[in-house]
Amino acid sequence: MKQTLIAPSVLSMDYSRMEQETRELNESGAKWLHFDVMDGSFVPNLTFGPDILKGFRKASDLFMDVHVMINDPEFFMDRFYEAGADNYTFHEEAVKDKAKIVTMAEHAHELGKSVGISIKPATPIEYLKPYLSLFDVFLIMSVEPGFGGQKFKPESADRIRTLRGWLDEAGLSSHIEVDGGINAETAKIVKEAGADVLVAGSYVFRSNIREAVKSLE
Ligand SMILES: O=C(CO)[C@@H](O)[C@H](O)COP(=O)(O)O
Ligand SMILES: [Fe+2]
């Protein structure tokens, strides 16, 4: 089984204590930092742009995992990589011309970067099948994107299991990342199903960051 990586989502950070919480995150044992970008259109919420990512990049050596929930992921891809993204994950649903999904993945690899594709809970898992060999990260949303603190959708486990099966059959060891409602209990379920990167926002920042990360690993 692959090593489990924890990706705390800074969406749930206390922004009045950013410096302290980023330091705690750096020392927590987490390897990735999950950065949720929302445009108020693809999802009904607004968050951060590339300049804020630059700030986190300066303050942390963690792997910067950018998850964009925006209508024009192609336009912003280079900007986020330039700002310090190590991985850029965009939504399948946001790209109307599906041929672009392929060219975006190729472009990221030309830059030597990691790239991911995500689907919402209602999007059939089969929609990822044409792209198995193209992406480093497959991000399965286990809540409706837009907000932290929601309840994990249990049907996500079967979707992860199906996807891990396809990747194994194809001899691919790509990451399966799961995002939404992850806590010590749901972490066990998704790990058993085949996920190896666990995003956790409210669970990590609501309590002691280091202890919460340990309990998920
Ligand atoms: O992408 C998103 C929400 O759209 C997430 O990354 C959330 O930030 C996860 O928060 P929790 O469900 O863990 O509180
Ligand atoms: Fe996310």
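Taking the conditions exactly as written (within 17 Å of Ala195 (Cβ to Cβ), of a type outside the set (Gly, Ala, Ser) and under 17 Å from the mean Cα position of the chain (by Cα)), does Lys120 satisfy them or not?
It is true that Lys120 is within 17 Å of Ala195 (Cβ to Cβ), of a type outside the set (Gly, Ala, Ser) and under 17 Å from the mean Cα position of the chain (by Cα).
Of all the numbered requirements in (1) touching an Asp or Glu at 6+ places or on another chain (Cβ under 6 Å); (2) within 24 Å of Gly40 (Cβ to Cβ), Ser142 misses one, and that requirement is (1). Tell me, which residue of segment 55-80 that is over 17 Å from Ile101 (Cβ atoms) and either touching an Asp or Glu at 6+ places or on another chain (Cβ under 6 Å) or modelled with pLDDT under 95 (or both) is surrounded by the fewest Cβ atoms within 10 Å (Cβ to Cβ)? Ranking the candidates gives Phe63 first. Are any of the residues in segment 188-195 surrounded by 14 or more Cβ atoms within 10 Å (Cβ to Cβ), within 21 Å of Glu24 (Cα to Cα) and either at pLDDT 95 or above or within 15 Å of ligand 1 (Cβ to nearest atom) (or both)? There is no residue in segment 188-195 that is surrounded by 14 or more Cβ atoms within 10 Å (Cβ to Cβ), within 21 Å of Glu24 (Cα to Cα) and either at pLDDT 95 or above or within 15 Å of ligand 1 (Cβ to nearest atom) (or both). When Met38 is tested against (1) within 14 Å of ligand 1 (Cβ to nearest atom); (2) surrounded by fewer than 16 Cβ atoms within 10 Å (Cβ to Cβ), just one condition goes unmet, and that condition is (2).
You will find that of Pro8, Pro44, the residue that is surrounded by fewer than 15 Cβ atoms within 10 Å (Cβ to Cβ), within 16 Å of ligand 2 (Cβ to nearest atom) and in contact (Cβ under 8 Å) with a residue 40 or more places away in the chain is Pro44 and no other. Screening Thr186 against (1) more than 16 Å from ligand 2 (Cβ to nearest atom); (2) farther than 19 Å from Phe35 by Cβ leaves a single unmet condition, (1).
Taking segment 151-160 as the range and being surrounded by fewer than 17 Cβ atoms within 10 Å (Cβ to Cβ) and either in a helix (DSSP H, G or I) or free of Cβ contacts under 8 Å to residues at least 12 places away in the same chain (or both) as the test, only Asp158 passes. Is segment 124-141 home to any residue that is part of a loop (DSSP other than H, G, I, E, B), buried (at least 20 other Cβ atoms within 10 Å of the Cβ) and free of Cβ contacts under 8 Å to residues at least 40 places away in the same chain? Looking through segment 124-141, at least one residue is part of a loop (DSSP other than H, G, I, E, B), buried (at least 20 other Cβ atoms within 10 Å of the Cβ) and free of Cβ contacts under 8 Å to residues at least 40 places away in the same chain.
Of the residues Ile176, Ile101, the single one that is of a type outside the set (Ser, Thr, Tyr) and either assigned to a strand (DSSP E or B) or under 14 Å from the mean Cα position of the chain (by Cα) (or both) is Ile176. Looking for something farther than 27 Å from Ile101 by Cβ and either more than 16 Å from ligand 2 (Cβ to nearest atom) or not charged (D, E, K, R) (or both) - is there at least one such residue anywhere in segment 161-169? Checked against the condition, which is being farther than 27 Å from Ile101 by Cβ and either more than 16 Å from ligand 2 (Cβ to nearest atom) or not charged (D, E, K, R) (or both), segment 161-169 yields no hits at all.
Could we say that Asp158 is away from ligand 1 (no atom under 15 Å from the Cβ), out of contact with any helix residue (DSSP H, G or I) (no Cβ under 7 Å at 6 or more places or on another chain) and under 28 Å from Tyr131 (Cα atoms) here? In short, yes. Among Glu126, Glu110, which is the only one that is more than 20 Å from Asp179 (Cα to Cα) and more than 15 Å from ligand 2 (Cβ to nearest atom)? Among Glu126, Glu110, only Glu110 is more than 20 Å from Asp179 (Cα to Cα) and more than 15 Å from ligand 2 (Cβ to nearest atom). Taking the conditions (1) within 16 Å of ligand 1 (Cβ to nearest atom); (2) not in a loop (DSSP other than H, G, I, E, B) in turn, Gly148 satisfies each one other than (2).
The values are calculated or read from the model by the stated rules, or taken from the named source; none is laboratory data. Just so we're clear, the structure is a prediction, and the values are computed from it rather than from any experiment. Here the Cβ is made from the backbone with ideal geometry for all residues, glycine too, and neighbour counts use every protein chain on show.
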